[in-house]
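Okay, structure first, notes after.
Quick note: the coordinates plus some simple rules give every number you see, no bench work behind them. Remember, it's a predicted structure, so these values are computed and weren't measured experimentally. Cβ placement follows ideal geometry from the backbone for every residue including glycine, while neighbour counts extend to all protein chains displayed.
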């Protein structure tokens, strides 16, 4: 066992973060800590590495293991260049190499026994150098840096000139190169583009040590981990499997617990009604029976009501008007900044109802393309044609459309002056801004809070064409799922930039890949894009004819048909689940009634009647066994 946490508790002032937190990590486990923002994920990580002390509980780490920790914010200022900084974690190996080089120089001037002694020493160092993978060290360091998105030309960049994100990538690279036995990573995918995240997934999947990480990238979690440590309301639960498996299991357990709680509450209510009725008869026998039932009720172990989901953001996106069929047409579009060309000769079209994702490496021009379409930037060449009755709503990842000196109340009121004070407060409350929160200034909000405010404005706008720039940034997993649901129900047209592959899988009908200054068009979601890209089966290019072909009304009709079939299957599943739960409830109620009937004195002496009731009880028991199995299959 690498790590064992027992009954860890942590509070900050009156705010309790962790309560009786217990779990363990085995050797070679690949585990993730998940939970909504503020649930205590980073705090738990800091407790494990010793940066924060728990209020209660114990923590034990396996002896003689090396541990490496990547925090969300890193600073590296040691060496001159990126490559030198990365190699600094292998200083002992580099020193061996220096000693070997020095010995090689000495050998030129020695002979006889002195040369033999030096050769023996050199042989020992050389063997040690090989065992430390010294001969492949620089090649391995080059692979790590390239994997994390640094070009060969950037290796010689001075550390002092780097951004915070670049320094975090170097800190991650140093950890990977040092290969600790126990690797702890807090948001390792921050500051990485899709290609780098994909590389990191492969690297960590084959990592021989133990991994514990915190990440909001659900696709990444699906690929890397096989154990989930879930923090909810300060309590910890452990689930075996990746993120998707965890969500299914957790939802199944939550529904099961809720079902059991509701059934018990119904039974308690029914028993109380029976007790009240028996007492109302005001006869000795009926009063005694009521008292007997009360004793049984008092002995009942009452189930706690399952905790509600902590995030109640109420996001509903509804277009005010229906747009024309042709929503957007881009022809021969080009944009450069100085001598740097982002893209040129770009052609594509969007049709009403399409949900399209733009992907590409950092700096490829995705946000620039979105801003040109939204009218916030001008193109250098080409034409942008917006269709009839199209009303654009824009979500900016930097939230520059928000006014920093406004309060939240003023921001909504300024954009929608016709709303009453009550309507403004209700809207803000739907996005978790309540009480005095509405008088906070925009500049004092966190990234997640600004995101929620921007979505509130987007919802009020009732636009039929949404342009979203990295909409899942700063959102926790629950909020992402709420957003996905809202967008999947959205009847308008959607074009967004995102690096969140799980989100793209859930919401996109089509993927536009911006690479090498041009767009390539792929039908389907992110997994479809990867499959087609790997197979070399590109459905279209950035040129007009293939682009129009791949996004033709016929192709769109096929997509919609497939989507409708999936929705029909989902509705059938939901109906089957509802009918199953109703039948279970009815049979459980019938079982209770039969038990009561069999306990009646006049029935107890009637053998034939008892046999009939017992037979019915057995049939119900068999049927319930089938229904419980059927229910479990429907919720998993």
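Brief remarks follow.
- Alpha carbon centroid spacing (whole Å) that separates the range 1-72 from the range 74-149: 37
- Two numbers describe the Cα atoms of the range 28-152: Rg and Dmax, which are 21.7, 71 Å.
- The range 349-363 versus the range 602-624: alpha-carbon centroid distance in Å: 64
- For the range 325-394, diffusion coefficient by Stokes-Einstein and Kirkwood Rh (Cα), 4 °C, 1.567 mPa s, µm²/s: 101
- Of the peptides 351-362, 482-493, the ranking by mean beta-carbon count within 10 Å, highest at the top, reads 351-362, 482-493.
- Percent of alpha-carbon pairs separated by more than 17 Å within the range 562-636: 56
- Square roots of 5 times each gyration tensor eigenvalue, C-alpha, the range 421-462, largest first, Å: 15, 14, 8
- With a simple spin-label model that places each label point 7 Å from the Cα along the Cα-to-Cβ direction, the separation between residue 120 and residue 202 comes to 4.7 nm.
- Counting 0.36 nm for each residue step from residue 226 to residue 59 and taking away their Cα separation leaves a gain of 57.9 nm.
- Subtracting the Cα-Cα distance of residue 535 and residue 575 from their residue separation scaled by 0.36 nm leaves 10.5 nm.
- Once the Cα atoms are used to define both axes, helix 112-131 deviates from the longest principal axis of the chain by about 30 degrees.
- With all projection directions averaged, the alpha carbon convex hull of the range 326-561 covers 13.6 nm².
- Cα long-axis angle, helix 553-598 against the chain (0 to 90 degrees, to the nearest 10): 40
- log10 of Debye I(q)/I(0), alpha-carbon scatterers only, for the range 248-307 at 0.15, 0.17, 0.18, 0.28 Å⁻¹: -0.54, -0.63, -0.67, -1.06
- With N as its number of residues, the range 162-285 has a Cα radius of gyration that, divided by 2.2 N^0.38 Å, comes to 1.82.
- Its Cα gyration tensor gives the range 116-193 an equivalent ellipsoid. The semi-axes, each the square root of 5 times an eigenvalue, are 32, 16, 10 Å from largest down.
- Rg over Rh for the range 1-83 works out to 1.03, using Cα positions for both radii and the Kirkwood form for Rh.
- CD proxy at 222 nm, helix term only [per DSSP H run n ≥ 4: -39500 (n - 2.57); per residue of the chain; nearest 500]: -16000 deg cm²/dmol
- Additional length obtainable on full extension of the chain from residue 340 to residue 292, 0.36 nm per residue less Cα span: 8.7 nm
- C-alpha long axis of helix 421-430 to longest principal axis of the chain, angle in °: 80
- Rg to Rh quotient for the range 380-467, alpha carbon positions, Kirkwood Rh: 1.04
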